[in-house]
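Chemist: Just dropping this structure here.
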Amino acid sequence: MTTAPQQTTAEDSPGSPPGGATRKAWTLLFVAAAFEVVFALSSAANEGFTVLVPSIVTVITGGGGVYLLSLALRTLDVGIGYTVWTGIGAVGSVVFGAVLYGEHITVGKVVCLLAIIGGVLGLHMTTGSEPAESDAAENRAGGNSAGGNSAAETPSQETGEPQK
């Protein structure tokens, strides 16, 4: 069974997977970050897993957030994806903690939150703007664009010859 090749969209950067995979990964990452915020808030509400509903929400959103993050990291760099995920989780937890639990937001917290937001936005805007140096070197050497070598291209450790 053959499948049609995926179309490359304008949203894809050079060297990124085709077919809007980058956009999908960022969407998954932002949903995972929302799960992270709910996870943190429900962790505060479950009182050490002694209150049933917040405890269930904590387990579901914790697992769901990590699962969605792992899907996003299939496309995004781990350093970018994890940092954005935790940054959004941190900012969201502080903001919603103030709204839901009456936690105080000081000027110092606002400055730090703005630094986190600036870092997250900066990472998002600079991701995918140019291929990683290792990807560029691999493409020049004739490697595949999916990252890594296929089994047919992997040299044998014993002989240095390509395995088939």
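The values are calculated or read from the model by the stated rules, or taken from the named source; none is laboratory data. Everything numeric here is computed off the predicted structure, so don't read it as measured data. No Cβ is skipped: glycine too gets one built from the backbone with ideal geometry, and neighbour counts run over all protein chains shown. Surface accessibility is based on the protein's heavy atoms, side chains included, excluding ligands, DNA and RNA. Shrake-Rupley method; radii C 1.70, N 1.55, O 1.52, S 1.80 Å.
Chemist: To the nearest 10 Å², what's Tyr82's accessible area with a 1.4 Å probe?
Modeler: 110 Å²
Chemist: Another question, then. Please give the FRET efficiency for Val51 paired with Met125, using the beta carbon to beta carbon distance and R0 = 45 Å, rounded to the nearest 0.05.
Modeler: So the FRET efficiency works out to roughly 0.65.
Chemist: May I pose another question? Using the heavy atoms of the protein chains and a 1.4 angstrom probe, tell me the accessible area per residue for segment 51-112 in square angstrom.
Modeler: 58 Å²
Chemist: Also, quick follow-up: Once label points are set 7 Å from the Cα along Cα→Cβ at both Tyr101 and Leu114, what is their separation, rounded to one decimal in nm?
Modeler: Simple spin-label model gives 2.5 nm for this pair.
Chemist: Also, I was wondering about something else. What net charge is computed for the residues neighbouring Leu29, neighbours being all others with C-beta under 14 Å from the C-beta of Leu29, Lys and Arg scored +1, Asp and Glu -1?
Modeler: +1
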